[in-house]
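Here, each number is a calculation from the coordinates, and none is a lab measurement. Everything numeric here is computed off the predicted structure, so don't read it as measured data. Neighbour counts are summed over all protein chains in view; Cβ atoms, including those assigned to glycine, are modelled from backbone coordinates with ideal geometry.
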Amino acid sequence: MTNVLNYPTELLLLLFLIITFFQSALDKILDWKGNLSWLTGHFSQTPFKNIVPLLLGTVLVTEMVAAIFCTTGFYLLTTEGDGSIAQVGAILSCLALLMLLFGQRMAKDYDGARTIAIYFVPAVFLVFLLHS
């Protein structure tokens, strides 16, 4: 219980990332065809048009690994006060968001890019908190 009281901001931000990336990865898994179809159209006028399945798979794996590290990090931070695995999860979360941001910018979906930036702020703040 002491660690919960010592790291409330970090734990809340980890929960935010866990929910974000597990849900996003689960959506990609459960509706692969729908996501692939939408993204194929979304990137049809970009240099990514021929590699959308590879990129979708890469984002899916990155999101799942980030969520797993954040979940493990949440547990270790709560039980042992060790934030090192949580920091890896936060960094992977930032990398996943940067991949998504790059894709949205390439597709000239500036509203989508702005949404990704909103998610990036708490993720990079968590990296900062865990690095201190």
Is it the case that some residue within the stretch 107-114 is surrounded by fewer than 19 Cβ atoms within 10 Å (Cβ to Cβ), under 30 Å from Met1 (Cα atoms), small (Gly, Ala, Ser) and touching a Gly at 6+ places or on another chain (Cβ under 9 Å)? no
Quick one: which residue in Val59, Val65 is in contact with a helix residue (DSSP H, G or I) (Cβ under 7 Å, 6 or more places away or on another chain), among the β-branched types (Val, Ile, Thr) and closer than 14 Å to Gly103 by Cα? Val59
List the helices (runs of 4 or more DSSP H) inside the stretch 47-132, counting only whole elements, that have at least 3 residues being of a type in the set (Phe, Trp, Tyr), touching a Cys at 6+ places or on another chain (Cβ under 9 Å) and more than 11 Å from Leu17 (Cα to Cα). none
Just for the stretch 2-27: of the residues that are under 12 Å from the mean Cα position of the chain (by Cα) and either without any contact (Cβ under 8 Å) to a residue 40 or more places away in the chain or not in a helix (DSSP H, G or I) (or both), which one is nearest to Leu56 (Cα to Cα)? Ser24
